[in-house]
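Report on the following structure.
The values are calculated or read from the model by the stated rules, or taken from the named source; none is laboratory data. Just so you know, these numbers come straight off a predicted model, no measurement behind them. With ideal geometry, Cβ positions are generated from the backbone for all residues, glycine too; neighbour counts draw on all protein chains shown.
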Amino acid sequence: MTRNGAPRDAPVRHLRAFLVLAEELHFGRTAARLFITQPALSQQIRTLERDLGVRLLDRSTRRVELTRSGRELLPAVREAVRAADRLREEAGARSGAGSLVIGSFENIALMEPVPAVIDTFRAALPEVGVRMRRAAFDTATVLLEGEVDVAFLFLPVPDGIQYLTLAEGARCAAISAADPLARREIISLADLRDRPHLGWSPRVPRVYREHWSADPRPDGGPVRYTDHGVVDYAGSLLAIAMGEGIQLPPAAARRLYPRAGVSYLDVKDLTPWSMGLAWLPAKRDQPQVKALREAARRVVAEREGPGGPDTGGVVRPFRAG
């Protein structure tokens, strides 16, 4: 606040931090998404509250919630950040520095090697403005619709998208903690034959839906789906806890999405997940996209050697669905 009690202008980075925190309601996850330390995030939020003259958050050792003022100011903050982004994009276009809009599947930006790739890119092109756009199971659709320049996402992707594989790992089953299976340490897909999988939104590409539902199952049997139409994993957790359906996410969900009422079980015959950096062929050689691809290749090579996974040349005609 100024001496006369009027709100002081707040830096855009503080407004952006508040928006991410309003999504996550968790300081640790928010700090990781913003690639800053948790103390630095706390300081930014305290400074923002002081500048605006209102308390935005109720904090406790157990949870974070928006205050009434925080909820009411959220649309204005969101519009202010959008306006700042538009201004930076216009300025970048005139200066020649440019900008890069990166789609990020939910919390995938917290998983290695994504932070290392972004750090490498920023070190190479510090003058380029980077904006992260969080998406969900429809990240490939968001990329195809041109809302982002590139995207970090889980594979597979529909035809017409190029990608570089960055990492892979084990998956698990997310089920209700009240399910009798939750008492077991490891299960098979056959054990899940009577549990429906949460139904997907039509915006989620078919190739993605089938892979992440393990449909068909190893015995050739089809998967039964609910009518939920989920588009994001975080939003599906309540339905899982209520025993309405299951999901088969990366095992990292244990760490990134711990929820009361949800149990994560190892599945011995579940195919692994793969993570990739994806782009459209038309944008492949744009300077910022090319630089991010090169940063990703460098990080992959450092971690896995010259024989690391790379399907960046694979392009197939796009078919809807």
Please pick out the residue among Glu90, Glu79, Glu72 that is closer than 23 Å to Leu292 by Cα and either loosely packed, with under 13 Cβ neighbours inside 10 Å or at pLDDT below 90 (or both).
Glu90
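Kindly establish whether Arg209 is closer than 19 Å to Pro156 by Cα, out of contact with any Leu (no Cβ under 8 Å at 6 or more places or on another chain) and not in a loop (DSSP other than H, G, I, E, B).
Working: closer than 19 Å to Pro156 by Cα: yes; out of contact with any Leu (no Cβ under 8 Å at 6 or more places or on another chain): yes; not in a loop (DSSP other than H, G, I, E, B): yes.
In short, yes.
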When only residues in region 146-163 that are more than 24 Å from Arg16 (Cα to Cα) and of a type outside the set (A, V, I, L, M) count, which is nearest to the chain's Cα centre (by Cα)?
Phe154
Among helices (runs of 4 or more DSSP H) lying entirely in region 1-53, which contain 3 or more residues that are at pLDDT 80 or above and hydrophobic (A, V, I, L, M, F, W, C)?
12-24, 38-52
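Yes/no per residue for (1) in contact with a Gly (Cβ under 9 Å, 6 or more places away or on another chain); (2) in the same structural domain as Glu24 (by TED's automatic domain parsing); (3) under 30 Å from Leu280 (Cα atoms); (4) surrounded by 18 or more Cβ atoms within 10 Å (Cβ to Cβ):
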{"site": "Gly160", "(1), (2), (3), (4)": "no, no, yes, no"}
{"site": "Tyr163", "(1), (2), (3), (4)": "yes, no, yes, yes"}
{"site": "Glu185", "(1), (2), (3), (4)": "no, no, no, no"}
{"site": "Pro222", "(1), (2), (3), (4)": "no, no, no, no"}
{"site": "Gly229", "(1), (2), (3), (4)": "yes, no, yes, no"}
{"site": "Asp232", "(1), (2), (3), (4)": "no, no, yes, no"}
{"site": "Gly235", "(1), (2), (3), (4)": "no, no, yes, no"}
For region 192-213, the count of residues that are more than 18 Å from Leu237 (Cα to Cα), touching a residue at least 40 places away in the same chain (Cβ under 8 Å) and either not assigned by TED's automatic domain parsing to the domain that holds Leu181 or not hydrophobic (A, V, I, L, M, F, W, C) (or both) equals 5
Here are some residues: Asp232, Asp191, Asp219. Which one is in contact with a helix residue (DSSP H, G or I) (Cβ under 8 Å, 6 or more places away or on another chain) and not in a loop (DSSP other than H, G, I, E, B)?
Asp191
How many residues, within region 208-253, are over 29 Å from Leu110 (Cα atoms), modelled with pLDDT under 95 and of a type in the set (S, T, N, Q)?
0
List pairs: first residue in region 126-143 and under 20 Å from Ala17 (Cβ atoms), second residue acidic (Asp, Glu) and modelled with pLDDT under 90 anywhere in the structure, Cβ distance under 7 angstrom, at least six positions apart or on different chains.
Arg131/Asp85; Arg133/Glu147; Arg134/Glu106
